[in-house]
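Before any comments, here is the structure.
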Ligand code: ARG
Ligand code: ZN
């Protein structure tokens, strides 16, 4: 394991990098690099150490003098040179094999072009280099390749020269004016179509924008360009941050491990987050594209201008940039709905992470493989931590903190502490205790008790936090690292309602800093006869699990009246969770579950007000997921959960049928499709209603779904109907699956949807189908999007079948992971995370899961990526 406490500043700086990359026609490439080295006088002299992986070293020279036997300088994947002059130029020449690089890290081939992914440690697969983010250099890059096959030769910065070469080849030279860490390096050699545009910045500079896509897909990049320009304007307005480049490029590639990458001036994106057209992309896809384009653009300041000192600080750029893209989303769409979706995502991915073997704080103290730490914790919980700072400082204080952060650290590689210090110094808010959020793993539990004295009108709130030990601290102890847990600084936003649901205390932010705290309120002015109803943790003011004994009818009141929209949604989720878990207990005890009237009535009340805010209603009418319900149980029972959730859905549909049917009619969206918030909300609500109605096994409704599937002019409506039909136990299922595939088999991203729908099927043959699809022409183990769509979706979003009692889901997943590990360890490791919850199930399932995990652990040559995940799961 690598430890944060072992961090040492680099012994050598690299001021300049000159790369000359020549792509041969047979699929290999030669990379000649010249590094201008300078000894770091601030630390004791030490040999130069360079990282390299899968490099064939052909030549090595210092200040132009060749060193004989270059390979003799390489030991354990490091090139080490002692006794270098304090300033010198080191030249290396290596051969690399992008055509054989299935890891999609470094320089690799996708379809007919070559692309890079260097974060976190991919640059070492391109050339020998100190591959660490605190070494920042100016790059000049010259690319050579066949002109016919690779007309586009791109790298970071500006193209300064280009020319022809013999043999039908050409070259282009790029200079990036900004020093950068090597993880932000990018280059592309391909034949692409390009969408051009320009943007005039707040200070009046005109910059060139370009989106490069596979030939024939130009009609699918207009929205991404629109999103880019919106993000640029937003960052100017909200944070006063302007683009610093003359040219900003986005390149879309179909083979990509993650979502997208913020390489300076040359973002490389998974096609999933660029390509969109109304007939192939859903509202959700449009929204994701908007957010990811914004996210990568925002990195230009939070990540690139100010970067991370080391990879332990990853959340410095990711948590902050996610917070920024969330705020962008809130300004562009409905703030409440965005918040609900964020919290749902946090609970679906981050809470379980904290509760499982991979638990870590947003700034971990150790790791084995950094690629395993691009996690929900570092990203989403990291954003929650930044959001709490925002809550404590207020918008103005936060903005002053950002300004000071850039004033102090522009051009530097810094730590999370530096960020918090800037926030504290600019605002005067003491954040000393708050820093524990960076060090401590786990989801805090926040207990609340209240007391009301009607005679005096005094209302008392007692808050208690507990921070349960996680797998993270247990491991630190084993590694001999001392660690002290303590109370966190938790901002708790509170409002109070009277018995009629009228607000008597508007949102007030309390700071809980001790293990427990008492807060008293004088409510005598309100002449209350009964205790007020607290609306706690408004807008989800902290990433904690709240324990408060709300009565069922209190929750119904909050659902109907709370002025905080997030808590209106939250109250419904709380009520549904409680009643569904009671149903699960009944089923387990051998009786039938029932849906209480109070719940149907509360639901009906939300439905009755749905027209006022369809997007919100669609969220409020969505029941908590099976996974969330399982996470609330001591021993997860996937079968009982599925049965009860299905019963709740069907009962609601039976009791509220006419209301749902009325929504279908009322919220038909007229006119051409536009990915615009109001229409998106109406489509979401309408399709949610259709989903409820489809539980009724009514053939008229099924035919309605079939005609929506066939006639919709947009993928949102088509896909909603398609998934319902594909999950229905009727002959229409095959009709829908066949028609959809026949129509879309040439659109890779739509085929991913077709795979994902089958992976989430609740029908009894789901596992068998998924296995069959592994050998279907539509599947490709080498393509991450395909693996995510089919395999990861099955493991992560189909708890009923992945956790099948006969262990078949586990055996299947283990088989895929073993096959995938030698091909692409990063993707294999992501799939392996599906086993995070294995100890939460009964003994029978645990035995199967253990066997599956051990079969992976015992694979000869297992990657560090998967070894870390599986090792922790078994520990
Ligand atoms: N920095 C990229 C993004 O969030 C993620 C790249 C992660 N890549 C990886 N191989 N772990 O915006
Ligand atoms: Zn990011």
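Of all residues being assigned to a helix (DSSP H, G or I), free of Cβ contacts under 8 Å to residues at least 40 places away in the same chain and crowded, with 19+ Cβ neighbours inside 10 Å in segment 350-403, which is nearest to ligand 1 (Cβ to nearest atom)? Just the residue, please. Working first, answer last.
Going residue by residue through segment 350-403, those that are assigned to a helix (DSSP H, G or I) are 350-355, 370-373, 376-403.
Among the residues that remain, those that are also free of Cβ contacts under 8 Å to residues at least 40 places away in the same chain are: 376, 393-398, 400-401.
Cutting the leftovers down to crowded, with 19+ Cβ neighbours inside 10 Å gives us 376, 393, 398, 401.
Working: 376: 12, 393: 25, 398: 21, 401: 22 Å.
Filtering first and then ranking leaves 376.
Any residue that is under 18 Å from residue 560 (Cβ atoms) and in a helix (DSSP H, G or I) - is there at least one of those in segment 588-598?
Yes: segment 588-598 contains one or more residues that are under 18 Å from residue 560 (Cβ atoms) and in a helix (DSSP H, G or I).
Report whether or not residue 207 is in a strand (DSSP E or B) and farther than 26 Å from residue 124 by Cβ.
So residue 207 fits the description; yes.
Regarding residue 279, is this residue more than 16 Å from ligand 1 (Cβ to nearest atom), touching a residue at least 40 places away in the same chain (Cβ under 8 Å), over 23 Å from the mean Cα position of the chain (by Cα) and within 26 Å of residue 159 (Cα to Cα)?
In short, no.
Among the listed residues 542, 530, 499, identify the single one that is in a loop (DSSP other than H, G, I, E, B) and buried (at least 18 other Cβ atoms within 10 Å of the Cβ).
542
Restricting to segment 245-268, name every residue that is surrounded by fewer than 24 Cβ atoms within 10 Å (Cβ to Cβ) and away from ligand 1 (no atom under 12 Å from the Cβ).
Hits for segment 245-268 are 245, 246, 247, 248, 249, 254, 255.
Give just the number: which of (1) part of a helix (DSSP H, G or I); (2) over 26 Å from residue 558 (Cα atoms); (3) within 31 Å of the chain's Cα centre (by Cα) does residue 678 not satisfy?
Residue 678 satisfies all of (1) part of a helix (DSSP H, G or I); (2) over 26 Å from residue 558 (Cα atoms); (3) within 31 Å of the chain's Cα centre (by Cα) except (2).
If you check every pair at least six apart or on different chains, which have Cβ atoms under 7 Å apart with a residue in segment 241-265 that is under 15 Å from residue 302 (Cβ atoms) and touching a residue at least 12 places away in the same chain (Cβ under 8 Å) first and a residue that is away from ligand 2 (no atom under 16 Å from the Cβ) and outside any loop (DSSP other than H, G, I, E, B) second?
242/236; 243/207; 243/232; 264/176; 264/178
Check 443, 456, 450 and return the single one that is more than 30 Å from residue 482 (Cα to Cα), in contact with a strand residue (DSSP E or B) (Cβ under 6 Å, 6 or more places away or on another chain) and modelled with pLDDT of 95 or more.
On the way: 443 fails: more than 30 Å from residue 482 (Cα to Cα); 456 fails: in contact with a strand residue (DSSP E or B) (Cβ under 6 Å, 6 or more places away or on another chain).
Matching residue, one of 443, 456, 450: 450.
Keeping to segment 702-716, report how many residues are within 19 Å of residue 661 (Cβ to Cβ) and surrounded by fewer than 22 Cβ atoms within 10 Å (Cβ to Cβ).
Number of matching residues: 8.
So, in segment 282-306, exactly how many residues are outside any helix (DSSP H, G or I) and within 11 Å of ligand 1 (Cβ to nearest atom)? Even if it seems obvious, please write down each step before you answer.
At the first step, the residues of segment 282-306 found to be outside any helix (DSSP H, G or I) are 282, 300-306.
When the remaining residues are screened for being within 11 Å of ligand 1 (Cβ to nearest atom), the result is 302-304.
Final tally of qualifying residues: 3.
Which condition breaks for residue 787 when tested against (1) without any contact (Cβ under 8 Å) to a residue 40 or more places away in the chain; (2) under 27 Å from residue 814 (Cβ atoms)?
Every listed condition holds for residue 787 apart from (1).
Among (1) more than 14 Å from ligand 2 (Cβ to nearest atom); (2) closer than 17 Å to residue 231 by Cα; (3) crowded, with 22+ Cβ neighbours inside 10 Å, there is one condition residue 303 misses while meeting the rest; what is its number?
(1)
Which of (1) in contact with a helix residue (DSSP H, G or I) (Cβ under 7 Å, 6 or more places away or on another chain); (2) assigned to a strand (DSSP E or B) is the odd one out, the single condition residue 54 does not satisfy?
Among (1) in contact with a helix residue (DSSP H, G or I) (Cβ under 7 Å, 6 or more places away or on another chain); (2) assigned to a strand (DSSP E or B), the lone unmet condition for residue 54 is (2).
Tell me yes or no: at least one residue of segment 511-527 is assigned to a helix (DSSP H, G or I) and touching a strand residue (DSSP E or B) at 6+ places or on another chain (Cβ under 7 Å).
Looking through segment 511-527, at least one residue is assigned to a helix (DSSP H, G or I) and touching a strand residue (DSSP E or B) at 6+ places or on another chain (Cβ under 7 Å).
Restricting attention to segment 471-480, which residues are in contact (Cβ under 8 Å) with a residue 60 or more places away in the chain and surrounded by 15 or more Cβ atoms within 10 Å (Cβ to Cβ)?
Selection gives 471, 472, 475, 476.
Since residue 85 meets every condition but one in (1) surrounded by fewer than 15 Cβ atoms within 10 Å (Cβ to Cβ); (2) farther than 19 Å from residue 13 by Cα; (3) in contact with a strand residue (DSSP E or B) (Cβ under 9 Å, 6 or more places away or on another chain), which condition does it not meet?
Just one mismatch for residue 85, condition (2).
Please tell me if residue 211 is surrounded by 23 or more Cβ atoms within 10 Å (Cβ to Cβ), under 30 Å from residue 403 (Cα atoms) and modelled with pLDDT of 95 or more.
no
Can you spot a residue in segment 334-344 that is in a loop (DSSP other than H, G, I, E, B), more than 15 Å from ligand 2 (Cβ to nearest atom), over 18 Å from the mean Cα position of the chain (by Cα) and in contact (Cβ under 8 Å) with a residue 12 or more places away in the chain?
Yes, segment 334-344 has at least one match.
Taking the criterion of being at positive phi and either part of a loop (DSSP other than H, G, I, E, B) or out of contact with any helix residue (DSSP H, G or I) (no Cβ under 8 Å at 6 or more places or on another chain) (or both), would at least one residue in segment 761-770 satisfy it?
No; the residues of segment 761-770 include none that is at positive phi and either part of a loop (DSSP other than H, G, I, E, B) or out of contact with any helix residue (DSSP H, G or I) (no Cβ under 8 Å at 6 or more places or on another chain) (or both).
Take residue 242 and tell me if it is touching a helix residue (DSSP H, G or I) at 6+ places or on another chain (Cβ under 9 Å), within 16 Å of ligand 2 (Cβ to nearest atom) and under 30 Å from residue 421 (Cα atoms).
Details: touching a helix residue (DSSP H, G or I) at 6+ places or on another chain (Cβ under 9 Å): yes; within 16 Å of ligand 2 (Cβ to nearest atom): no; under 30 Å from residue 421 (Cα atoms): yes.
It is false that residue 242 is touching a helix residue (DSSP H, G or I) at 6+ places or on another chain (Cβ under 9 Å), within 16 Å of ligand 2 (Cβ to nearest atom) and under 30 Å from residue 421 (Cα atoms).
The values are calculated or read from the model by the stated rules, or taken from the named source; none is laboratory data. Keep in mind that what you see is a predicted model, and the values were worked out from it rather than measured. Backbone-built Cβ (ideal geometry, glycine too); neighbour counts: all protein chains shown.
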